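Scroll down for the structure; my scribbles are underneath it.
The values are calculated or read from the model by the stated rules, or taken from the named source; none is laboratory data. Remember, it's a predicted structure, so these values are computed and weren't measured experimentally. A quick note on method: Cβ atoms are made from the backbone with ideal geometry, for glycine too, and the neighbour counts reach across all protein chains shown. Accessible surface is based on the protein model in full, side chains and every heavy atom, while ligands, DNA and RNA are left aside. Shrake-Rupley method; radii C 1.70, N 1.55, O 1.52, S 1.80 Å.
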Amino acid sequence: MEGGAYGAGKAGGAFDPYTLVRQPHTILRVVSWVFSIVVFGSIVNEGYLNSPSESEEFCVYNRNPNACGYGVTVGVLAFLTCLLYLALDVYFPQISSVKDRKKAVLSDIGVSAFWAFLWFVGFCYLANQWQVSKPKDNPLNEGTDAARAAIAFSFFSIFTWLCLSLFLEAGLIPALFWQSLTAALAVRRFKDLTFQEEYSTLFPASAQP
């Protein structure tokens, strides 16, 4: 791969922020980070309503506290995950071991695919609970824009995390291919050299020009 094994720059090289921000997976990660803020921020700020007849707040999604809890939990954890892997992106060029780079990329692919799945579940869950919400529970339509925003950005997050996983996987496959091809050529060359040495030992006269 261009720039080093598994997308890394020269091992031990200095951190280059300009190169980092231009990388597609970094852009996708930042976008996913922003989307997660929108989701959990919308629910925390306007996802819980007050009723004059009740002393406790209730969730705007069909009065289901699990729906709000799921949205907030997934949003916050996705926010932290993005920060963690952004830090890994910064540190990645300093990793000198190809095996460690491979492990980092594989973990990134797995985590991204996992979060795409969690966001898919969250989108379906929130959309379903919003659809069955009763108008009488919220006659003034409070928090409706925030509730819709959380659903919309949950949907968008599915594709940002999925694209992130697919992009990293697309970058890993060529690296594995070239690594395997290089190893195969090295083994073949070693066998050829071994055969020539054995032939020269057995037939020293015929080996001379």
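Extension gain for residue 144-residue 90 works out to 15.6 nm (0.36 nm per residue, less the C-alpha to C-alpha distance).
Once the convex hull of all Cα atoms in region 17-169 is built, its volume per residue stands at 102 Å³.
In the context of the full set of protein chains, region 107-170 has a per residue accessible area of 52 Å² (1.4 Å probe). Measuring nothing but protein heavy atoms, the accessible surface of region 17-169 at 1.4 Å probe radius is 67 percent carbon and sulfur. The string of couplings for region 109-119 from the Karplus curve (6.51, -1.76, 1.60, θ = phi - 60°) is 4, x, 5, 5, 5, 5, 5, 4, 5, 4, 5 Hz, one whole number per residue in order, with x for Gly and Pro.
Each residue, residue 45 and residue 124, gets one label point 7 Å from its Cα in the Cβ direction; the gap between the two is 3.0 nm. Modelled spin-label separation between residue 37 and residue 136, with each label point placed 7 Å from Cα along the Cα-to-Cβ direction: 4.1 nm.
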